[in-house]
Amino acid sequence: MNRDHRDRDDTRVPLPDLCSMQGLFALVLVAGITITVMQLAPGARPGWRAFSVGMLFAVWLSVVLAASVCMLRPWFERLPSTLPYFAVWSWMVAMTVLLSASIGWIDHALQLGLTHQTTSRFTLINGTLVALIAAALLRYFYVLMQWRARLAAVSRAQVQALQARIRPHFLFNSMNTVAALVRVDPAAAERTVEDLADLFRAALASDSEGTLGEELDLVDRYLDIEQRRLGDRLRVQRDIVDPPTDFTLPRLLLQPLVENAVRHGIQPSREGGTVRIAVSADAHEVRMAIDNSVPREPVTTLDEDGHGHGLHSVRQRIAYHYGERGRLMVEDADGRYTVRVILPRSPA
């Protein structure tokens, strides 16, 4: 029973958000266009007074309908399948009929002269117009929300595939490190296994998001492992001052970049090199930079297959989570390879 209910909810298309300014603007815009077209239609009675009264009534009706649908949205969303859209359409038509009848009765009772039709005709015209317009708008919103839901599902599947691709890559490299340490330093190998336990826990976590503090701790544990393997060849510099440790970001976002820096910048060089990690933040964004010295010998670039898939995966995950507000930039100059990640602090 619960499983069927969960499956039904997963396939249901969510209602449009009429509480937002965009939803309200769409209703008001369509109402204004409708009044304008009615005033320009053959046989209509043109005039600023009729146009102003009609526009005022249409805008007022749009606001009332949007507010009422917004308030009743939790109740509508409890309905199964596509019934929420039918319920919203029925509610909008019923409210229009009720409000039009009330306005028409008040206008004729007080002899204000705002409407030229009888109350019944005024109510019938408004109800018919809203029934047609609401049906077209809700159909448009239904198709739009259905497309967005499918796009989100595809994006989530792509992110899960990217994470699944990163995890074995990371785990296999780590196990090779342990195997190398067991032969030369069993004590260091034991400490490495302890660090790997924490790294594996993060790599296999079902939650796709973590915090910046957790990610920096993950990077430190990885660098400790590589420090034991590479010794003095690996030098690390950190420029991290008061980082927003509670800032939420996708898991394994920085670790693959640090791993690329070590594998492609430090390991191929006999004399080793330096990996620099910098983190800074302000009220609007968090900036992270990871750069490494470039060995003199030519090596595989980060964008190619093999270990280089980490950079491409990180770029795609940033695009999925943050859109155009998240950026990943690469610089290769003056013997340093730098990857900069800039993420917005506020949600979109």
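The values are calculated or read from the model by the stated rules, or taken from the named source; none is laboratory data. Bear in mind that the values here come from a model prediction, so they are computed numbers and not experimental data. All Cβ positions, glycine included, derive from the backbone under ideal geometry; neighbour counts span all protein chains shown. All accessible areas refer to the heavy atoms of the entire protein, side chains included, with ligands and DNA or RNA removed. Shrake-Rupley method; radii C 1.70, N 1.55, O 1.52, S 1.80 Å.
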Report task. Can you run down the residue pairs with Cβ atoms below 8 Å, 6 or more apart or on separate chains, where the first is in the stretch 99-125 and without any contact (Cβ under 8 Å) to a residue 12 or more places away in the chain and aliphatic (A, V, I, L, M) and the partner is in a helix (DSSP H, G or I) and surrounded by fewer than 19 Cβ atoms within 10 Å (Cβ to Cβ)? Result -> LEU112/ILE106
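Just one of ALA261, ALA283 is among the aliphatic types (A, V, I, L, M), out of contact with any Asp or Glu (no Cβ under 9 Å at 6 or more places or on another chain), touching a residue at least 24 places away in the same chain (Cβ under 8 Å) and not in a strand (DSSP E or B); which is it? Spell out how you get there, then give the answer.
Details: ALA261 fails: out of contact with any Asp or Glu (no Cβ under 9 Å at 6 or more places or on another chain).
The unique qualifying residue is ALA283.
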Query raised in the report: Can you pull out the residues in the stretch 326-345 that are free of Cβ contacts under 8 Å to residues at least 24 places away in the same chain, in a strand (DSSP E or B) and open to solvent by less than 40 Å² (accessible area, probe 1.4 Å)?
Result: LEU328
Query raised in the report: Quick one: what pairs do we get from the stretch 18-38, first residue closer than 12 Å to ILE133 by Cα, second loosely packed, with under 15 Cβ neighbours inside 10 Å, C-beta under 6 Å, 6+ apart or different chains?
Result: none
Requested in this report: Check whether at least one residue in the stretch 59-80 is under 15 Å from TYR142 (Cβ atoms), surrounded by 11 or more Cβ atoms within 10 Å (Cβ to Cβ) and modelled with pLDDT under 80, and report yes or no.
Outcome: no
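Hey, can you tell me all the residues within the stretch 88-146 that are part of a loop (DSSP other than H, G, I, E, B) and open to solvent by less than 60 Å² (accessible area, probe 1.4 Å)? Spell out how you get there, then give the answer.
First pass over the stretch 88-146, keeping only residues part of a loop (DSSP other than H, G, I, E, B): 111-118.
Matches in the stretch 88-146: GLY113, THR115.
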Requested in this report: Of all residues in the stretch 293-325, count the ones that are open to solvent by less than 60 Å² (accessible area, probe 1.4 Å), of a type in the set (A, V, I, L, M, F, W, C), at pLDDT 85 or above and outside any helix (DSSP H, G or I).
Outcome: 0
Report summary line: Those residues of the stretch 213-255 that are among the charged types (D, E, K, R), open to solvent by less than 70 Å² (accessible area, probe 1.4 Å) and in a strand (DSSP E or B) come to a total of 0
Report task. Would you mind finding the one in PHE76, PHE86, PHE51, PHE122 that is closer than 23 Å to PRO14 by Cβ, out of contact with any Leu (no Cβ under 8 Å at 6 or more places or on another chain) and of a type in the set (Phe, Trp, Tyr)? Result -> PHE86
Requested in this report: Looking only at the stretch 164-187, decide whether some residue is outside any helix (DSSP H, G or I), open to solvent by less than 70 Å² (accessible area, probe 1.4 Å), at pLDDT below 75 and among the hydroxyl-bearing types (Ser, Thr, Tyr).
Outcome: no
